[in-house]
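Read through the structure below, which is laid out as structure tokens, and then see the notes.
Bear in mind these aren't lab numbers, they're just calculated from the coordinates by the rules spelled out. In this text the structure is predicted, and so the values were computed from the model without any measurement. Positions of Cβ are generated from backbone atoms using ideal geometry, with glycine treated the same way; all protein chains shown enter the neighbour counts.
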Amino acid sequence: MSQSGQPAPAPAAGPSPAPAAGPPRTPEPLPRTATLGRGTLGRQLVIRVTALVALAALLITMATALAAQQLLMSQLDRQLDAVTGRLRNPSGSTWLPGGPDGGLLRPGQPIGTLAEFYDTDGTPQGGGMLTERGAAGQRGAAVTELPDAAVNQLE
């Protein structure tokens, strides 16, 4: 009962009233955070990592190029020492054209080896180039005389 002496209204039986019909509510969009926006920590990190990787790649490339140059130069030096060593007889004399041994014809000399020999006063004593005999149908190598222009250039 209420204070006025009248009975209290009874609660309504049944389901509660439905909300007013209308378009469905869409949730408010979340604030958009720019992960790689200007000045953000993510962008700074990407830039720094990219710069470090590029620097490391450059340093590795330079080190590889220098190591390859050193390796190839030492290999060339060894080859030239070996060719020069084979041109000399055990007695220390050098090959002269028509000589019995022919230092250019010794085993191990690469095809295309040039040799020009000078006496003590600088006069050319002879020389040649090691070529293949294959053009004449023979096997092995042969020494061909150098033209005067080539001897002049070697001087």
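A few comments on the model shown:
- Net charge of the neighbourhood of residue 151, taken over other residues with C-beta under 11 Å away and scored Lys/Arg +1, Asp/Glu -1, is -4.
- Close amide H contacts of residue 142 (hydrogens built in the peptide plane, cut-off under 5 Å, sequence separation of 5 or more or a different chain): 131, 132, 133.
- The length gained by stretching the chain between residue 155 and residue 69 to full extension, at 0.36 nm per residue less their Cα-Cα distance, is 28.1 nm.
- Between residue 84 and residue 62, the contour length at 0.36 nm per residue exceeds the Cα-Cα span by 4.6 nm.
- Gain on full stretching of the segment that runs from residue 43 to residue 125 - 0.36 nm per residue minus C-alpha separation: 22.1 nm
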